[in-house]
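The values are calculated or read from the model by the stated rules, or taken from the named source; none is laboratory data. No experiment lies behind these values; they were computed from the predicted model shown. Cβ: placed from backbone, ideal geometry, glycine included. Neighbour counts: every protein chain shown.
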Amino acid sequence: MIGTIATVGSEAYDLAFDPNDVGPDSVVECWISQGPRAGDAAFDPQPGDAVTAGDDEGAPLPARVIRRDGNRVWVQLDLTRSVHAVG
């Protein structure tokens, strides 16, 4: 998907994550190349950036990038709320 964001129903997200890999601190590792924005050259998440993360089953969650190493991005999920599509 070049230049697009994956959707669950009508809800979009930036990074995909495996809910089984979420740590007790709500941190999960994501791979840009395995996510919905893999082909988006403008997508360059950096520590401190706000992003959304989804698992193709539930509503996307807001998250904050806490670390990046090339293709790997660690985000801390905000498990207290979900992202709802606008429009």
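Of note:
- Test result for A63, touching a residue at least 40 places away in the same chain (Cβ under 8 Å) and among the aliphatic types (A, V, I, L, M): yes
- Residues within segment 58-80 that are loosely packed, with under 12 Cβ neighbours inside 10 Å, of a type in the set (G, A, S) and at pLDDT 95 or above, tallied: 1
- Given (1) within 16 Å of S33 (Cβ to Cβ); (2) modelled with pLDDT under 90, index of the condition V83 fails: (1)
- Residues in segment 29-48 that are of a type in the set (D, E, K, R) and either without any contact (Cβ under 8 Å) to a residue 12 or more places away in the chain or touching a Lys or Arg at 6+ places or on another chain (Cβ under 7 Å) (or both): 2 in all.
- Taking residues in segment 8-20 that are closer than 18 Å to Q46 by Cβ and outside any loop (DSSP other than H, G, I, E, B), and partners anywhere that are of a type in the set (S, T, N, Q) and at pLDDT 95 or above, the pairs with Cβ atoms closer than 6 Å and at least 6 places apart or on different chains are Y13/T52.
- Segment 21-44, residues that are within 10 Å of the chain's Cα centre (by Cα) and assigned to a loop (DSSP other than H, G, I, E, B): G35, P36, R37
- G48 vs. criteria loosely packed, with under 13 Cβ neighbours inside 10 Å and either within 12 Å of D14 (Cβ to Cβ) or touching a helix residue (DSSP H, G or I) at 6+ places or on another chain (Cβ under 9 Å) (or both): no
- Hey, D55 among the acidic types (D, E), out of contact with any Gly (no Cβ under 7 Å at 6 or more places or on another chain) and modelled with pLDDT of 95 or more or not: no
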